[in-house]
Amino acid sequence: MPRKPKPKNTLSAGERAAIYAAEQEEKIRMLSSVSQVSESDVDKAAESGAVEVEKTKPAEVKAKKPKPKPQSATVRVDFGIPTGSIKPMHGMCNGPVSYGADISNEFREIGVPFVRFDCTDTAISGYAVDISRIFKDFDADPSDPASYDFACTDRYVEAAMLSGAQVIYRLGESRDPFGVVRTAEATKSLDTLARVCVNIIRHYNDGWARGIHCGIKYFELGRYGNDNSADIEIFGRLANAIKLYDESIRVGGMSFDSFADARSLLNACKKKRIPLDFITVDCFSGDPERVGEEAERFVSYAKGLGFDDLELIVGKWMYADSEVTEDLAVSHLLSADSDILREKRRKMFLSQRSVKGAAYSAALMLRLGEIDGISAACHFDAQPAVSPFCALTDKFGTVEKPFYAFRAFGELYRAKNGVVCVVDRPEAYAHNGIFASAAVSDDGRGVVMIAAFGGCGVVDLRLDGISEDIYTAEVYMLDGVKNMELADSVPVSGMKKRLVLNVSEYGAVVVKLH
């Protein structure tokens with residue numbers, strides 16, 4: 001009898017054995033990659049006899065290496081889907097004038113939307129804008145204009161207003177690096193302190209004591225010491241006094257060191273029914289994504305307490321390179337009491353003005369701008385001849401790399417009308433180092449800003465939602481060589497437009513469509 005032909009889909013014994021062996025190898029590999037795997041699990045897999053396994057104790061199992069970062073990223077923009085106005089993330093702490101420098105023209109070129117005063121001028125001079133600098137004797141009569149010295153502070157406030165910026169005025173005391181405490185006098189009588197705060201507002205909004213009519217909307221109540229509960233008690237007294245004088249004023253505070261610390265004020269204001277319109281948090285970091293995630297968690301926490309309309313203002317942020325600061329606080333570096341710390345301090349200040357510092361500035365502004373609940377952010381610091389933290393210019397007022405990042409965001413802000421902009425991030429990667437936002441102006445011109453902070457080398461930019469007309473796409477680059485200069489100009493047409501951009505690992509790109 002003739003043998004039946006073997007079905008085509010039937011595997012031979014050898015083939016089945018090979019497949020089985022491969023499956024066992026994969027199973028063992030999976031078991032070995034888990035830190036909780038036991039020796040018995042590996043033994044059971046080896047007992048099949050298909051493969052030989054070298055026993056490995058769990059403690060000796062090496063962690064799997066993370067997958068390499070993808071070489072390209074896709075940014076999708078749809079100009080046909082509005083998302084609301086671009087938010088002012090390019091504010092400044094202090095400026096545009098300081099002792100020995102005036103960068104008002106640079107402020108106008110950027111279009112700085114807010115100036116928040118904190119650590120203004122120098123610690124040696126007593127910090128202008130501080131309450132103790134304006135009302136020096138707390139035994140004096142707070143109702144007498146002669147008890148106040150507004151001359152120095154007026155100059156700073158007027159310069160900010162003339163540059164086109166709004167003012168966030170901090171009613172409090174700057175932290176003194178020399179350890180000088182100026183808060184004891186101010187807090188010995190909260191009634192006097194409240195009257196002083198109201199009169200400062202009267203000076204700048206209503207012309208009291210030969211004042212000026214600035215129309216300042218935001219008054220931030222600063223911290224007065226290290227006692228959080230005492231600070232919150234002071235905050236409540238002052239906030240109620242200000243609201244009694246003018247209900248329309250936005251009252252907030254208190255320049256917290258972290259989002260976690262700021263929760264205490266939220267809880268106290270809810271419990272004691274203290275008015276709170278905005279809250280300020282400082283962020284000194286080298287990781288824009290981490291800052292964004294912490295801000296999102298804070299906003300979610302605030303909404304959970306019922307603060308649906310609370311504004312979060314990142315009151316003071318700067319680039320603190322983690323490779324330089326490591327586990328040390330920035331304040332420790334400033335002491336510079338050893339050669340090692342002095343070198344770290346030098347590197348920290350240089351990194352702020354480098355292309356890496358510029359890329360961080362661009363990335364953080366874009367990341368914060370996409371978070372609901374954040375209304376403004378202010379970079380620290382914009383006092384060229386006074387503060388070593390000034391990254392916009394050197395001490396003589398010559399612009400540095402970060403200036404071009406702020407100017408680029410200013411163009412995005414002026415376009416005003418935000419549209420959908422999505423950075424595709426593969427599930428296997430936490431982040432690809434690319435940040436982006438897009439807007440369209442009232443006259444139809446499009447602006448796309450992309451930042452790379454340790455990002456991919458290639459960005460696939462896809463532009464949807466615009467007419468079939470032929471557009472010109474102008475590509476401006478900020479990297480180690482270019483200072484947001486025109487790198488390319490190409491025609492794009494059709495309903496779906498696409499550009500492939502080669503970007504630096506640290507830098508920024510602006511694409512203008514017209």
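Please treat every number below as a calculation from the coordinates, not as lab data. These numbers come from a predicted model, not from an experiment. Ideal geometry is used to build each Cβ from the backbone, glycine not excepted, and the neighbour counts take in all protein chains shown.
List of remarks:
- Which of M92, G80, V112, positive extreme of dipole for segment 75-144 (C-beta unit charges): G80
- Taking label positions 7 Å along the Cα-Cβ direction at both E485 and L341, the computed distance is 4.2 nm, reported to one decimal.
- Using a cut-off of 20 Å between Cα atoms, the listed pairs K188/K316; K243/K303; K87/K416 include K188/K316; K243/K303 as exceeding that distance.
- Within-15-Å neighbourhood charge of R250 [Cβ basis; K, R +1; D, E -1]: -2
- Scanning residues 5 or more positions from V419 or on other chains, those with amide H under 5 Å from its amide H are T83, A438, A439, V440, with H placed 1.01 Å from N in the peptide plane.
- For segment 360-384 and segment 269-297, distance of Cα centres in Å: 13 Å
- Summarising the amide proton neighbourhood of A382: residues at separation of 5 or more, or on other chains, whose placed amide H is nearer than 5 Å comprise C93.
- Residues whose amide H falls under 5 Å from that of R170, counting only those 5 or more places apart or on a different chain, are F117, E220, with hydrogens built in the peptide plane.
- Largest-first ellipsoid semi-axes for segment 184-296, taking √(5λ) over the Cα gyration tensor eigenvalues, angstrom: 27, 17, 13
- D141 paired with E474, simple spin-label distance in nm, labels 7 Å along Cα-to-beta-carbon: 6.1 nm
- For D261 and D149, the difference between the fully extended length at 0.36 nm per residue and the C-alpha to C-alpha distance is 37.0 nm.
- Rounded Å value of the spacing that divides the Cα centres of segment 420-499 and segment 125-157: 49 Å
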